[in-house]
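The values are calculated or read from the model by the stated rules, or taken from the named source; none is laboratory data. Values in this document were obtained by computation on a predicted structure and should not be read as measured data. Ideal geometry is used to build each Cβ from the backbone, glycine not excepted, and the neighbour counts take in all protein chains shown.
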C-alpha cells in the first residue's frame with residue numbers, strides 16, 4: 001500500500017488507539033515518538049462483572065466510543081490531521097468476542113478477568129499434560145486463556161456458539177469493523193493460549209482436542225503488515241485517514257515494553273499499576289520458564305515474564321481498610337522510616353488469587369506474625385515488601401537479567417516502593433520516566449513499520465531516577481523471601497512449577 005503522506009516529512013504523525021480496562025484513548029505522536037500535546041480522545045470503558053465470574057464489555061458500545069475518540073482527535077488536530085501517516089493500536093490482552101457471518105458480534109466482549117471457564121480449565125488440566133501445553137504454546141491451561149473459554153462456550157453459551165463463525169480478540173474485531181479483514185497479529189494471538197509458540201499459527205493439537213478448526217479464527221499476520229484500506233464509509237468520514245496504513249493490534253504489555261525502551265535482553269520491565277508484571281524481550285522462540293509465560297511483540301521478538309494479581313490494588317485496600325491518615329508525602333515519609341523486614345510479618349498478598357509463578361487461582365491472602373504491637377503502618381509497609389518479594393520470585397526464573405526499568409502509576413508514585421524493589425532484587429531499579437508507555441510503544445512500532453526508524457531500539461528512553469540496592473536490606477529480604485516461600489508451601493497445596 002502506498003502511503004498518502006510522505007514518510008520523510010518532519011511533520012509525520014501516528015494516531016494511536018489504546019483500549020484498556022478502564023479507558024479507551026486515542027492520541028497522536030510525532031516521528032520522534034513524542035506525544036502531541038493537548039490532543040486526546042477518551043471514553044470510559046465499563047467492565048460489567050458479577051458473582052458468577054463474568055467480566056464483560058459491551059462490544060458494540062466499545063466500537064462506538066472508538067469512533068467518537070477518533071472523531072475528537074481528527075477535529076483537535078485540524079489541518080495537521082493530514083500529517084497522519086499511520087494508525088496503530090494496543091489493547092488489553094486475552095479478550096474474546098464471537099462474530100457472525102456478517103461480522104456482527106454475537107455477544108459481549110469477555111475480558112481476561114472473566115473466570116466462568118474455571119471449571120473447564122480444571123477439566124482440561126485433568127485431560128492434558130499442562131507442562132506439554134505450556135512448552136507448546138507458552139501459556140498454561142487457565143480460565144483467562146482461550147482453550148478453556150472455548151470449551152466453556154460450547155456448553156454454557158450454546159446460542160452464541162452456534163451463531164458465531166469467528167472468534168476474535170478486540171484487535172481482530174476492530175480490524176474487521178474498519179477494514180473487513182479477519183486478521184490478528186502474533187502479539188494478540190500469543191496471548192490467547194491457542195497459538196503455537198514456534199510456528200505462530202493456531203495450534204493444531206489444541207484445535208483437534210477442542211474439536212474446532214483454524215477457519216474459526218482470524219489469520220495471523222505480523223504487526224508491520226498494514227491492514228487493507230479503510231472501508232468506504234470510514235474513508236469518507238475521515239478523509240485524512242483514507243489511504244493511511246492501519247496496523248493490527250498489539251497486546252498492551254508488549255506495547256508498554258516497547259514504549260518504555262525494553263525491547264531486548266538488556267532491559268527488564270517492571271510494571272505495577274492495579275496489578276503487576278515483569279517482562280523481558282528476547283529474540284526467537286525461547287522456552288518459557290516454569291510458571292511464566294511466553295508472548296510476542298512480533299514474529300522476531302518474544303516477551304517472557306509473569307504477571308501478578310497483586311499490585312496497587314493491595315496498597316489501596318490496605319490504606320482504605322486500615323484507614324491510613326495523611327497525604328501521599330506524609331505516608332511515603334512514614335513508610336520510608338522502616339528498616340527492611342523490621343516488622344517481622346510474613347504476607348502472602350494473594351487477595352485476588354495467584355497468577356505467576358504458582359497459578360493458584362483460588363489462593364487467598366494470608367498475614368502471619370501478627371501481635372499486639374503491630375501497627376497499621378507495619379501492615380502497609382509489609383504489604384509493599386510482600387509484593388516486591390513476589391516479583392523477586394519471577395525475576396529469579398527469568399533466563400537473563402537485564403537493567404530493571406520500572407513504570408506504572410502505583411510504583412511511580414511511591415519512591416519507597418521503588419527502593420524496596422531494588423533492595424529485594426539486589427539490582428538498581430530505574431524509573432522509566434515515560435508517560436503513556438503503551439501508546440508510545442504503538443507509535444514506535446508504527447514508525448518502524450513505515451521505515452521512519454530502523455528498529456524498535458532507535459528511540460531510546462531516558463530513565464529519570466536510579467534506586468540503588470542496599471546490601472544489608474537485600475540480605476534481610478532474602479530471609480523474608482524464604483519465610484514467604486515456606487508459608488506458601490504450607491498453605492497452597494498445588495503450585496505450578
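Looking at 302, 281, 233, 307, just one residue is touching a helix residue (DSSP H, G or I) at 6+ places or on another chain (Cβ under 7 Å) and either crowded, with 19+ Cβ neighbours inside 10 Å or more than 16 Å from residue 88 (Cβ to Cβ) (or both), and that residue is 281.
Each row is one residue, and each column tells you yes or no for (1) at negative phi; (2) in contact with a helix residue (DSSP H, G or I) (Cβ under 6 Å, 6 or more places away or on another chain); (3) crowded, with 20+ Cβ neighbours inside 10 Å.
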| position | (1), (2), (3) |
| --- | --- |
| 341 | no, yes, yes |
| 344 | no, no, no |
| 352 | yes, no, yes |
| 361 | yes, no, no |
| 367 | yes, no, no |
| 371 | yes, no, no |
| 375 | yes, no, no |
| 385 | yes, yes, yes |
| 391 | yes, no, yes |
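Note on segment 323-339: residues that are loosely packed, with under 15 Cβ neighbours inside 10 Å and in contact with a helix residue (DSSP H, G or I) (Cβ under 8 Å, 6 or more places away or on another chain) total 4.
Conditions (1) in a helix (DSSP H, G or I); (2) modelled with pLDDT of 95 or more; (3) surrounded by 15 or more Cβ atoms within 10 Å (Cβ to Cβ), marked per residue:
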| site | (1), (2), (3) |
| --- | --- |
| 430 | no, yes, yes |
| 448 | yes, yes, yes |
| 455 | no, yes, no |
| 461 | no, no, yes |
| 464 | no, no, no |
| 472 | yes, yes, no |
| 475 | yes, yes, no |
| 480 | yes, yes, yes |
| 483 | yes, yes, yes |
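Could we say that residue 31 is modelled with pLDDT of 95 or more and touching a strand residue (DSSP E or B) at 6+ places or on another chain (Cβ under 6 Å) here? When the stated conditions are applied, residue 31 does not pass them.
Criterion applied to 175, 164, 189 was being more than 19 Å from residue 92 (Cα to Cα) and assigned by TED's automatic domain parsing to the domain that holds residue 217, and the one residue passing it is 164.
State whether the residues of segment 265-283 include one that is more than 16 Å from the chain's Cα centre (by Cα) and over 30 Å from residue 312 (Cβ atoms).
So in segment 265-283, the residues more than 16 Å from the chain's Cα centre (by Cα) come out as 265-267, 282-283.
Subsequent filtering for residues that are over 30 Å from residue 312 (Cβ atoms) retains 283.
Yes, some residue in segment 265-283 is more than 16 Å from the chain's Cα centre (by Cα) and over 30 Å from residue 312 (Cβ atoms).
For segment 153-197, the candidate set comprises residues that are in contact with a helix residue (DSSP H, G or I) (Cβ under 6 Å, 6 or more places away or on another chain) and over 26 Å from residue 136 (Cβ atoms); within that set, the residue that is surrounded by the most Cβ atoms within 10 Å (Cβ to Cβ) is 178.
Which members of segment 198-221 meet the condition of being surrounded by fewer than 17 Cβ atoms within 10 Å (Cβ to Cβ) and in contact with a helix residue (DSSP H, G or I) (Cβ under 9 Å, 6 or more places away or on another chain)?
Within segment 198-221, the subset surrounded by fewer than 17 Cβ atoms within 10 Å (Cβ to Cβ) is 198-199, 201, 204-205, 208-209, 211, 213-216, 219.
Residues satisfying the conditions are 198, 201, 204, 205, 209, 211, 213, 214, 216.
In the set (1) within 18 Å of residue 341 (Cα to Cα); (2) out of contact with any helix residue (DSSP H, G or I) (no Cβ under 8 Å at 6 or more places or on another chain); (3) outside any helix (DSSP H, G or I), residue 488 fails one condition alone, (3). Within segment 440-458, one or more residues are farther than 27 Å from residue 288 by Cβ and in contact with a helix residue (DSSP H, G or I) (Cβ under 6 Å, 6 or more places away or on another chain).
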